[in-house]
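The structure under discussion appears below in the form of C-alpha cells.
Each reported figure results from applying straightforward, stated rules to the coordinates on display, with no laboratory input. Owing to the predicted nature of the structure, the values given are computational and were not obtained by experimental measurement. Reconstructed Cβ throughout: ideal geometry from the backbone, glycine too, with neighbour counts over all protein chains shown.
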Amino acid sequence: MEILNYAFMQRALLAAVLVGVTAPAIGIYLVQRRQALMGDGIGHVAMTGVGLGFLLSWSPVWMATLVSVLGAVLMELIRWYGKTRGDVALAMLFYGGMAGGVMFINLAPGGSNANLTSYLFGSLSTVSESDVTAICLLAAFVVLVTLGLRRQLFAVSQDEEFARVTGLPVRALNLLTAVTAAVTVTVAMRVVGLLLVSALMVVPVAAAQQLTRSFAATFAVSVAIGVAVTLSGTVTSYYQDVPPGATIVLLTIGAFVLMTVLAAPLARRRARAASAAGPAADPAECRVPATRGAADDAGV
Amino acid sequence: MSDEPVISLRGVRAELGSRPVLRGIDLTVGRGEVVALLGANGSGKSTAVRTLIGQVPVTAGAVELFGTPRRRFRDWARVGYVPQRTTAAGGVPATVTEVVSSGRLSRARLGILRKADHEAVRRALDLVGMADRAKDSVNALSGGQHQRVLIARALAAEPELLIMDEPMAGVDLASQEVLATTLRAQVAAGTTVLLVLHELGPLEPLIDRAVVLRDGCVLHDGPPPEAVGQHALPGHDHVHPHAPAGAEPIRTGLLS
C-alpha cells in the first residue's frame, strides 16, 4: 500500500476512521430523540468559531469546538424554555452562526472565503499534526460518553418523562448529548466539512436500522458503516482525485440504498418465520367463529 | 414502616401556559391503597400525576412522596411510572428487553446492570406475559403489547408505588386481562397504586377509592362511584347525594 507511505495520508486516514466511529456513535442518540438535523445546526454555528479562530489567530479547530459547544448548550436551553417560538430562535442561531463565520473570516488579516471552503467541505489532505492531536482527544471524549453512558443516554432519548422518574439527571444528560454532538461536529469538520457533517451522523444510523431490530446492533452496524465509508471514501479520493467529503457522503447514501435493498427479502423471511411460529397471534385472514362470544356484544 | 401517606398533594395548583389546570387539589394515597383518579378530558387528572413526578411545576401547595417533599425526593427506585402513551418506540429500533432494562436504571449504580438486574428485567417481562417477545423490536408490537412493555419497564425496579396514566387506553381485550391480572398480583403483594382512568372498566374490582376531578378541583373522594344499568352509559350524569343542593351533576363519562 503505497498510500500509507505518505505522512499526510496517514493523518488523513486516522482522522477519517475517528470520524467514522464518532459521528454515528452520537448520531444514533440524535436520531432516537428525533433531532436528526441538530448536527446540521451545530455545523452552521461552528462556522463562527472557525472565523473567530482566523481573526484571533487561534487554532480554528479548538475555537470551533468552543463556539459550537456554546451553541449546542444554547440550543438545548431554547428547547427547554422556547416552546412555541423555539424553532424561530433556532433558525436565528443557525443563520447568525453562518453569517458570523463569513464576517469574521473576511475581517481576519489575509482571510477570505477561500479559507472557509476547506472547513465547509472538508480538506483531508491538509490535516496537520496538531489537528490530529485535537481530533484524537475530542474523539476519545465522544467514545467515552456514547459508550460509557449508553444506558442512561438510551433511556433519556427513548422517553424523557420516564427517565426523570428513574431519577436520572435528565437535563444534565440532555446537555451532555448536545455538547458531545458539538464536539463530534468539530472532529468531522476537517474530514467531511461542516455542511456535510450531519450526513455522517444520521445516514449510517438510518442505513443500519434497515437490517437491525435492537439498539445495540444498530449502534454496532452504524459505526461499522461509518468506518467503512470514511476509509473507502478517503482512499477513493486519493486515487481518483475527487473531493473526500463529498465522496464519503455519497458512499454513505449508497450504503443506505444497499441496506434497503438487502432488507426487503429479510423482512419477508422474518414475517414468514413469525407467522410460522405463532399463527394464532397475528392471522393474516379473518376467521369467523362458529358462535358468538361474550366479547362480540358491543356495549352502548 | 411509618404510617405517613405514600402520596400527598395538599392545595396543589398548577398552570399550563398561564391557564390554570389544577385549582388547589388535595389527594392522599395511603400504603397499600389502590386509588383511581377519574375525570373527563381536561379535568386535570394527568396534570395532577405529572406534578407528582416533577414533569409539571407546581405554582402553589405541597407535593410529597413517601413523606418527603418532591423536590428533595431521591428514592426513585420506589416509584414505578407508566406514562400515557400509545407507543414505546423511538427513532431507532430497540428490543423489548432494551426498553424494559431502562426501568431498572433507578436501582443500578452508574447504569451498570448486574446479574440480579437482568433477572429482575426477565421477571418483569414474565409478569406481563411478554417473555417470549423479549428479543423482538418494540416497533413490531400491537398497542396492547406496547402497554404491557411499558408496565414491565415500570415493574423492573420492583417499586412500592405504581403510578399509571390511562393504562387501558387503546389496549385490546386480551392485553386488558393480562394487565388486570398483573395489577391484581402487585396489589396482593402490597404495592400502592395510583391509576389515572377515563372510566373504571375492568379494573373496577381492584379499586379501593376513587377521586373524581373536574376543572382542576376534587369533586368526589370516596368509594368508586357505582354505575349500573343506564347509569353506566358513557356521558351519563352522575348525581351525588352529598353534593350541595343545586350543584351541577358530575359528568365522568366519555361524552361530557
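Values computed for the structure shown
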| quantity | calculated |
| --- | --- |
| Relative contact order of chain A, pairs being alpha-carbon contacts under 8 Å that are 6 or more residues apart, as % | 28 percent |
| Order of A:248, A:253 under a 10 Å beta carbon neighbour criterion, fewest first | A:253, A:248 |
| Computed over region A:111-205, Kirkwood Rh from alpha-carbon pairs, angstrom | 14.9 Å |
| Equivalent ellipsoid dimensions for the protein assembly as shown as semi-axes, Å, which come from the Cα gyration tensor, largest first | 51, 29, 20 |
| Radius of gyration and Dmax over the Cα atoms of region B:40-142, both given in Å | 16.4, 47 |
| Ascending count of other beta-carbon atoms within 10 Å, so fewest first, for B:168, A:189, A:75 | B:168, A:75, A:189 |
| For B:115, B:45, order by how many other beta-carbon atoms lie within 10 Å, fewest first | B:115, B:45 |
| Most mobile listed residue (A:120, A:137, A:153) in chain A, GNM with C-alpha springs under 10 Å | A:137 |
| R0 of 41 Å, Cβ-Cβ distance residue A:79-residue A:239: FRET efficiency to nearest 0.05 | 0.40 |
| Average partner coverage of A:208-214, which counts Cβ from other chains inside 10 Å | 5 |
| Cα-based convex hull, region B:7-251, per residue volume (Å³, whole number) | 139 Å³ |
| Alpha-carbon centroid distance for the pair region B:1-74 / region A:211-250, whole angstrom | 50 Å |
| Mean Cβ count within 10 Å, highest first, over the residues of peptides A:30-38, B:126-134 | A:30-38, B:126-134 |
| Cα-based convex hull volume of region A:26-155 per residue, rounded to whole Å³ | 113 Å³ |
| Volume per residue that the Cα convex hull of chain A spans, once the total is divided by residue count, Å³ | 183 Å³ |
| Point-charge dipole on Cβ atoms (K/R +1, D/E -1) for chain B, about Cα centre, debye to 20 | 1040 debye |
| Among A:81, A:95, A:119: highest mean-square fluctuation, GNM of chain A, C-alpha pairs under 10 Å | A:81 |
| Principal axis dimensions, region A:158-228 - Cα atoms, whole angstrom, descending | 39, 29, 14 |
| Theoretical gain in end-to-end length, residue B:16 to residue B:114 [0.36 nm per residue, Cα-Cα removed] | 31.2 nm |
| Shielding by partners, peptide B:98-107 (average Cβ within 10 angstrom, other chains) | 6 |
| Length-normalised contact order for region B:7-251 - Cα pairs under 8 Å, 6+ apart - percent | 27 percent |
| Charge dipole (debye, nearest 20) of the protein assembly as shown; +1 at Cβ of Lys and Arg, -1 at Cβ of Asp and Glu | 780 debye |
| Average projected area [Cα convex hull, region B:131-209], square nanometres | 5.4 nm² |
| Residue-averaged 222 nm ellipticity for chain A, from DSSP H runs of 4+ at -39500 (n - 2.57), nearest 500 | -25500 deg cm²/dmol |
| Principal axis dimensions, largest first and in whole angstrom, of region A:126-266 by Cα | 54, 47, 21 |
